[in-house]
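A.B. asks: Below is one structure. I have some questions about it.
The values are calculated or read from the model by the stated rules, or taken from the named source; none is laboratory data. Quantities reported herein were computed from a predicted structural model and do not represent experimental measurements. Only protein heavy atoms, including side chains, enter the accessible area calculation; ligands, DNA and RNA are left aside. Shrake-Rupley method; radii C 1.70, N 1.55, O 1.52, S 1.80 Å.
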Amino acid sequence: MTDINQKILAAMREDKDIDLTPEEQANPLQLVVRSFKGTFKFTGAFVILMQILFAGLAIYFGYNMVYETQLDGKLNWLLATLVTFAIFVALRLWLFMEINRLSILRELKRVELQIALTTESKE
């Protein structure tokens, strides 16, 4: 049992993102920046780029909807606005879930390190 604790402790000490003080909470901007590291860095950048694109499209379609004079044109622009806004919201939710996942992983690493330190001090 102590061998696995030593391995966990050594791995945790190598990780620079872990701090043992629970008073220091990562702010959302730090978590967004952290989402651009690791396995999802290209996916995160792609999602941010797509959010910007779909937000711009929703604004463009909404602008054209307001200044359209015919009813069938207004309905077409409204549908395009709603679809692009729904895609934007889905991408935004994915980003928030990714930030939540990173926050949970950070807390789990902190707890693992505290357990490893506790078992090391008892021996």
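A.B. asks: Per residue, how much accessible surface does region 58-123 expose to a 1.4 Å probe? Answer in Å², no decimals.
C.D. replies: Details: 4670 Å² over 66 residues.
That works out to 71 Å² per residue.
A.B. asks: Right, something else. Which shape class applies to region 21-107: rounded if a/c is under 1.5, otherwise prolate when a/b exceeds b/c and oblate if not, where a ≥ b ≥ c are the square roots of the Cα gyration tensor eigenvalues? The partial results should precede the final answer.
C.D. replies: Numbers: a/c = 3.92, a/b = 3.13, b/c = 1.25.
Since a/c reaches 1.5 and a/b is larger than b/c, the shape of region 21-107 is classed as prolate.
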